[in-house]
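To keep things clear, I will list the structure first and then write my remarks on it.
The values are calculated or read from the model by the stated rules, or taken from the named source; none is laboratory data. Every value quoted in this text rests on a predicted model; they were computed, and no experiment measured them. Don't worry about glycine lacking a Cβ; one is built from the backbone with ideal geometry, like all the others, and counts go over all protein chains shown.
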Amino acid sequence: MPERKKGLMIVVSGPAGSGKDTVLAELQGDERFRRSVSATTRAPRPGEVDGRDYHFITRETFEQWIADGEMLEYTEYCGNYYGTPKKAAEAVMESGTNLILKIEVEGAANVERLYPEAVTIMLLPPTAAVLEARLRGRGTESEEVIRTRLARAREEVAHVKDYDYVVYNHDGRAAEAAEMIRRIVEVEGHSTARNPHIAEAYFA
């Protein structure tokens, strides 16, 4: 049978503290996946590298990209813009590689409107208590910011029903969460909806 030519768009969302970066780092080196590098107007955190973790750009530049139609999706979160450069994302999928987008729930909804075939996954800590412990354990944010993130998390989790899958990221088990994402993508690749010409090709 012919292989699926175009890569899937995999949307991964989750509240701050869900461990998105840690889980997705487990997929690095797997040639079947490429992580989209988002653009943001927020300042880099310790250890983050421009062009690897995010494209760190000014608010003026981001708004110009929006005006020029160069953003696949974007959202404003806690006073900063986050978004996905469009051309680079589409080029990855056309190459046959699965593209992973790490984006907020508003961005995910925008992407799904443009790409209804996208696979959407919400990554969550096992409990709300674990989520709060992770946020406080960072030691890099004020109490006000932590409370804002917790309130935001409650809003984000309410959208889990809009996602195709939920994956739980337990402490110290990021590799297991990443493996679950691999399995989801493998199953989606066998979907008859994604392979509409099976019957014609079968006897060809």
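Is it true that Phe62 is aromatic (Phe, Trp, Tyr), touching an Asp or Glu at 6+ places or on another chain (Cβ under 8 Å) and either buried (at least 21 other Cβ atoms within 10 Å of the Cβ) or over 24 Å from Tyr163 (Cα atoms) (or both)? For Phe62, the condition - aromatic (Phe, Trp, Tyr), touching an Asp or Glu at 6+ places or on another chain (Cβ under 8 Å) and either buried (at least 21 other Cβ atoms within 10 Å of the Cβ) or over 24 Å from Tyr163 (Cα atoms) (or both) - is not met. Among residues of segment 113-131 that are among the acidic types (Asp, Glu), none has a beta-carbon under 6 Å from a residue that is at pLDDT 95 or above and assigned to a loop (DSSP other than H, G, I, E, B) at least six positions away or on a different chain.
Quick grid of which residues meet (1) buried (at least 16 other Cβ atoms within 10 Å of the Cβ); (2) not in a helix (DSSP H, G or I):
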{"residue": "Met122", "(1), (2)": "yes, yes"}
{"residue": "Ala133", "(1), (2)": "no, no"}
{"residue": "Val166", "(1), (2)": "no, yes"}
{"residue": "Asp171", "(1), (2)": "no, yes"}
{"residue": "Ala177", "(1), (2)": "yes, no"}
{"residue": "Val185", "(1), (2)": "yes, no"}
{"residue": "Glu188", "(1), (2)": "yes, no"}
{"residue": "Ala199", "(1), (2)": "no, no"}
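When only residues in segment 145-164 that are within 15 Å of Leu123 (Cα to Cα) and of a type in the set (A, V, I, L, M, F, W, C) count, which is surrounded by the most Cβ atoms within 10 Å (Cβ to Cβ)? So, considering only residues that are within 15 Å of Leu123 (Cα to Cα) and of a type in the set (A, V, I, L, M, F, W, C), the one surrounded by the most Cβ atoms within 10 Å (Cβ to Cβ) is Ala153.
Where strands (runs of 3 or more DSSP E) fall wholly inside segment 1-99, no range has 3 or more residues that are among the small types (Gly, Ala, Ser). Residues satisfying the criterion are absent from segment 137-148 (criterion: under 25 Å from Arg35 (Cβ atoms), of a type in the set (Val, Ile, Thr) and in a helix (DSSP H, G or I)). Taking segment 1-59 as the search range and keeping residues that are within 17 Å of Pro125 (Cα to Cα), of a type in the set (Gly, Ala, Ser) and in contact with a Leu (Cβ under 6 Å, 6 or more places away or on another chain), which one is modelled with the lowest pLDDT? Per the stated criteria, the residue is Gly17.
Yes or no, residue by residue, for (1) buried (at least 21 other Cβ atoms within 10 Å of the Cβ); (2) farther than 18 Å from Ala153 by Cβ; (3) at pLDDT 90 or above:
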residue: Asn98; (1), (2), (3): yes, yes, yes
residue: Leu101; (1), (2), (3): yes, yes, yes
residue: Gly107; (1), (2), (3): yes, no, no
residue: Glu112; (1), (2), (3): no, yes, yes
residue: Glu117; (1), (2), (3): no, yes, yes
residue: Pro126; (1), (2), (3): no, no, yes
residue: Glu141; (1), (2), (3): no, no, no
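Yes or no, residue by residue, for (1) aliphatic (A, V, I, L, M); (2) in contact with a Gly (Cβ under 9 Å, 6 or more places away or on another chain):
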position: Gly47; (1), (2): no, no
position: Phe62; (1), (2): no, yes
position: Asp68; (1), (2): no, no
position: Gly79; (1), (2): no, no
position: Ala118; (1), (2): yes, no
position: Thr127; (1), (2): no, no
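Whenever a residue of segment 60-89 is in contact (Cβ under 8 Å) with a residue 60 or more places away in the chain, its partners that are surrounded by 14 or more Cβ atoms within 10 Å (Cβ to Cβ) and in a strand (DSSP E or B), lying with C-beta atoms within less than 6 angstrom and at least six residues away or across chains, give the pairs Ala89/Leu72; Ala89/Leu99.
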